[in-house]
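Only one structure is covered here, and it is reproduced in the block below.
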Amino acid sequence: MADENTITLVNEILEQIGTMANALSTGLVDLNCNPEDAARGYAYIYSTMAERIGWLADLGLTHTTGSPDIAGGAEDWFMPPSYQSAKRKTPTVGEHS
């Protein structure tokens, strides 16, 4: 069984996931009821919310299993493909190219 601190961490993460999912669901209802007004800017908001929900899931997995099994850390979730590509090509500190 997980210790009390881990349970507290996971409970906080689950609360954030639930809050984001609820906001996403509400926004989707708005989008379906009033698509012309709701569509402006919502694609970015929904994408950002999905990224945060996924990152929170990985954060919870890290606390309970020791590994973020879905995509990884914040850089993996939030940074664009161009960043990821440049990061793969950039030597880490202390490495020689």
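The values are calculated or read from the model by the stated rules, or taken from the named source; none is laboratory data. None of these values were measured; they are calculated from a predicted model. Quick reminder, even Gly has a Cβ in these numbers, built from the backbone with ideal geometry, and neighbours come from all protein chains shown.
Among the residues making up the range 47-59, those that are at pLDDT 90 or above and either under 15 Å from E15 (Cβ atoms) or exposed (fewer than 13 other Cβ atoms within 10 Å of the Cβ) (or both) are R52, I53, W55, L56, A57, L59. Looking only at residues of the range 60-83 that are touching a residue at least 24 places away in the same chain (Cβ under 8 Å) and out of contact with any Asp or Glu (no Cβ under 9 Å at 6 or more places or on another chain), we find that the one that is surrounded by the most Cβ atoms within 10 Å (Cβ to Cβ) is G60. P81 fulfils the conditions (1) of a type outside the set (D, E, K, R); (2) modelled with pLDDT under 90; (3) in contact with a helix residue (DSSP H, G or I) (Cβ under 6 Å, 6 or more places away or on another chain) except for a single criterion, (3).
Can you list residue pairs whose Cβ atoms sit under 7 Å apart, with the first residue in the range 1-29 being surrounded by 12 or more Cβ atoms within 10 Å (Cβ to Cβ) and the second being of a type in the set (V, I, T)? Count only pairs 6 or more apart in sequence or on different chains. Between residues of the range 1-29 that are surrounded by 12 or more Cβ atoms within 10 Å (Cβ to Cβ) and residues that are of a type in the set (V, I, T), the close pairs are T6/T64; V10/T64; I17/I53; M20/I53; A21/I53; G27/I45.
List the helices (runs of 4 or more DSSP H) inside the range 1-75, counting only whole elements, that have at least 1 residues being within 10 Å of the chain's Cα centre (by Cα) and among the aromatic types (F, W, Y).
Fully inside the range 1-75 and qualifying: 42-65.
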